[in-house]
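What follows is calculated from the coordinates using simple rules that are stated; it is not laboratory data. For clarity, every value in this text was computed on a predicted model and none was experimentally measured. Note: ideal-geometry Cβ built from the backbone for every residue, glycine included; neighbour counts use all protein chains shown.
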């Protein structure tokens, strides 16, 4: 009964964890590594296991750093089921198809340069056919439904409150008459956030594996976040500029739209033009509407009353590239929500090119930015950024609004962990090493529990609980 982390170990992206029990193999997540070019190049590395020998994949949610390497897994021989919540399966249809398209275009661009340099041409990580085969292997699951994987393992999903359909995974494992309950948190949501219910609390586990993205940080209270955004909007109104919001197409975009709709009068933006400039975010919004049974009570009532546009007649969904280019003619009074969330690609880069050098404009960063990304450089106060090889001055005001994060902060993570009655040994993943060290120290101080930083490629014995209770930090 062993666990090996093959991604998101000592880093935030690329979630991938191999569970072996009774000689059978189960994979938890299979995500793309994102960030710097040298990090993303690792997506081409072979898996440290044979995909053909996997019984099943259990996917926590649809963000690409958790699902984005599934088509590679299928291409390399995995033929089994991919279990996930129904909403996550629906989201993966748009996210994986988009990922294949972006990857093929990026590879084509790189190959033009490589051909001119006489270098060997690259093949795309995967193509459309790989994605379509992957989607055929999805099996939707309800929350709290028990699913038997094999004679040694079964699992149930519980709401993680991060994006629609996001799940924590509770696994019941048996090997040589030894039983273990192993819980993987997935990505835990920011409590009391708009739209979704808060994450579920479980009370029993022998070992847990938990995300730690904001494990040493506290988000602002929601009321303070609303006040912060109010101040930003007022400053823009006085300065006659635009607001850019780089947002992930799934989760963050819908939350921001909902907030804008709820506060359009308070924030004085009823006469502004609001653009959701992302075909994928528009599709994701439709999926959110299809699964409104997963909303909290207030959001369900609001969306039912106002529909897809949320009652905003000044909201524009821009699907085509031509429509997107027209936005760049708007010099004032626009709120532009576009991907990618870390400014590594997508339409937000075009909007930055036209606005970030203008001191009257503002950029709201609503979530975590990986090392090496353009978004991270903006957060860290870069005076210049490069877009398509062009050096562009950063004169716009950059606002990091951590309260808009879709991830739990330290208090949220601790609340989830403390719900377990016996302070089970924890493996920390999906976080930067310094953050995990701080979180581990806090867990020890407040609960007496032991938290380890998962190491890439290192195998942990889930039977030997005594060894897991020994501190390593």
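Per DSSP H run of n ≥ 4, the term is -39500 (n - 2.57); total these for the chain, divide by its residue number, and report the mean residue ellipticity at 222 nm rounded to 500 deg cm²/dmol.
Calculated mean residue ellipticity at 222 nm is -9500 deg cm²/dmol.
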Report, to the nearest 10°, how far helix 252-262 tilts away from the longest principal axis of the Cα atoms in the chain, using its own Cα long axis and a range of 0 to 90°. 50
Can you sort 387, 59, 54, 352 from fewest to most other Cβ atoms within 10 Å of each residue's own Cβ? 387, 54, 352, 59
In whole Å, what three semi-axes, largest first, describe the equivalent ellipsoid of region 311-436 built from its Cα gyration tensor (square root of 5 times each eigenvalue)? 34, 19, 13
For the chain, alpha-carbon Rg and Dmax in angstrom: 22.1, 70
Which whole-number percent is the relative contact order of region 221-325 (Cα, under 8 Å, 6+ apart)? 31
Can you give the relative contact order of the chain as a percent, counting alpha carbon pairs under 8 Å and 6+ residues apart? 19
Dividing the mean separation of Cα pairs under 8 Å (6+ apart) by the residue count of region 222-404 yields a relative contact order in percent of 31
With Cα atoms, 0 to 90° folded angle of helix 222-239 axis to the chain main axis: 30
Pull out the extension gain between residue 230 and residue 330, defined as 0.36 nm times the separation in residues minus the alpha carbon to alpha carbon distance; nm, one decimal. 33.8 nm
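Could you please rank 214, 288, placing first whichever residue has the fewest other Cβ atoms within 10 Å of its Cβ?
Details: 214 24, 288 29.
Ranking 214, 288 by Cβ neighbours within 10 Å, fewest first, gives 214, 288.
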Rule-of-thumb Rg ratio for region 222-404 [Cα; 2.2 N^0.38 Å; N residues]: 0.98
In whole µm²/s, the translational diffusion coefficient that Stokes-Einstein assigns to region 42-182, given a Kirkwood hydrodynamic radius over C-alpha pairs, 37 °C and 0.692 mPa s, equals 198
Which of the peptides 417-426, 136-145 is most tightly packed, and how do the rest follow, judged by the mean count of other Cβ atoms within 10 Å per residue? 417-426, 136-145
Order of 109, 83 from fewest to most other C-beta atoms within 10 Å? 109, 83
Stokes-Einstein, Kirkwood over Cα pairs, region 1-107, 37 °C, 0.692 mPa s; D in µm²/s equals 235
Based on the Kirkwood radius over alpha-carbon pairs, what value in µm²/s does the Stokes-Einstein equation return for the translational diffusion coefficient of region 242-349 at 37 °C and 0.692 mPa s? 233
Added length on full extension, which subtracts the Cα-Cα distance from 0.36 nm per residue, residue 179 to residue 121: 15.9 nm
